[in-house]
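The values are calculated or read from the model by the stated rules, or taken from the named source; none is laboratory data. Please read these numbers as outputs of a predicted model, since none were measured by experiment. So basically every Cβ, Gly included, is an ideal-geometry build from the backbone, and we count neighbours across all protein chains shown. We work out accessible area using only protein heavy atoms, side chains counted, and drop any ligands, DNA or RNA first. Shrake-Rupley method; radii C 1.70, N 1.55, O 1.52, S 1.80 Å.
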Amino acid sequence: MDDRSHERERMVERQLVRRGIRDERVLAAMGEVPREQFVPSGLTHEAYSDRPLPIGERQTISQPYIVARTAELLAPQPADRVLDIGTGSGYAAAVLSRIVAEVWSVERIPDLAEAARARFASLDYRNVGVLTGDGRLGWQEHAPFDGIQVAAASDEVPRALEEQLTIEGRMVIPLGDRFSQRLTLIHRVGDRRWRREPGELVRFVPLVRR
Ligand code: SAH
């Protein structure tokens, strides 16, 4: 056990279980990934606090609850291949990588993508790949995906992401304006049919268009 495991357990209990996160795989992964390694060195004492934190480049690592809720909505399974849009610190990708077979993550800011790659290497998380590019285009080379999680706000679902879902695949994306969004589950129910379920109100940084 590392020295932060107690803080992690408390975060899982107070911030996740008490707020209704039930998926055992998600709870186990959140209890395993060392969040302190995904925040700036000056903020490690805040790593398990109940809020997003700045990670530089005017971006943030999401609040633990939001990472867990997003993962739970994806209903991840061990054999799944998942696409993560907006790598940021890499934390959300790291959590999913403890549950599924492959995680492919896209980040537009090169320094963030590079820092995330270095974290995955130092933790020996080998099933996560990072691409520097526009996440609105997905990652065609590794498609289709059983799950897609988008960690940046959009007023519409990028077409390429819809198309890169498997039939029966699930996407979680914050849909709305720049002030508030609904964490929305999109379920591909047929070749040309997607069903939308708007969920709780959230506030993410914008999904930038080129
Ligand atoms: N999942 C991250 C949170 C990232 S915040 C974590 O766990 O830390 C959202 C990220 O989306 C930012 O890093 C931002 O640079 C990135 N982003 C915004 N627009 C994007 C786009 N069009 N393509 C790829 N990444 C984008």
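For this structure, a couple of remarks:
- Checked against (1) out of contact with any Pro (no Cβ under 7 Å at 6 or more places or on another chain); (2) outside any strand (DSSP E or B); (3) open to solvent by 10 Å² or more (accessible area, probe 1.4 Å), Val33 passes all but condition (3).
- Picking from residues in the range 77-92 that are crowded, with 24+ Cβ neighbours inside 10 Å and farther than 14 Å from Thr60 by Cα, the one that is nearest to the ligand (Cβ to nearest atom) is Asp84.
- Of the listed requirements (1) touching a residue at least 12 places away in the same chain (Cβ under 8 Å); (2) away from the ligand (no atom under 16 Å from the Cβ), Ala121 misses just one: (1).
- Conditions (1) near the ligand (Cβ under 10 Å from one of its atoms); (2) in contact with a helix residue (DSSP H, G or I) (Cβ under 7 Å, 6 or more places away or on another chain); (3) under 18 Å from Leu207 (Cα atoms); (4) modelled with pLDDT of 95 or more; number of the one not met by Leu131: (2)
- For the range 93-118, a residue qualifies if it is part of a loop (DSSP other than H, G, I, E, B) and either near the ligand (Cβ under 6 Å from one of its atoms) or crowded, with 17+ Cβ neighbours inside 10 Å (or both), and the qualifying residues are Arg98, Ile99, Val100, Arg108, Ile109.
- Qualifying residue in the range 39-60 (condition: open to solvent by 40 Å² or more (accessible area, probe 1.4 Å), away from the ligand (no atom under 15 Å from the Cβ), touching an Asp or Glu at 6+ places or on another chain (Cβ under 9 Å) and outside any helix (DSSP H, G or I)): no
- Some residue of the range 135-148 being out of contact with any Asp or Glu (no Cβ under 9 Å at 6 or more places or on another chain), more than 10 Å from the ligand (Cβ to nearest atom) and within 27 Å of Val33 (Cβ to Cβ): yes
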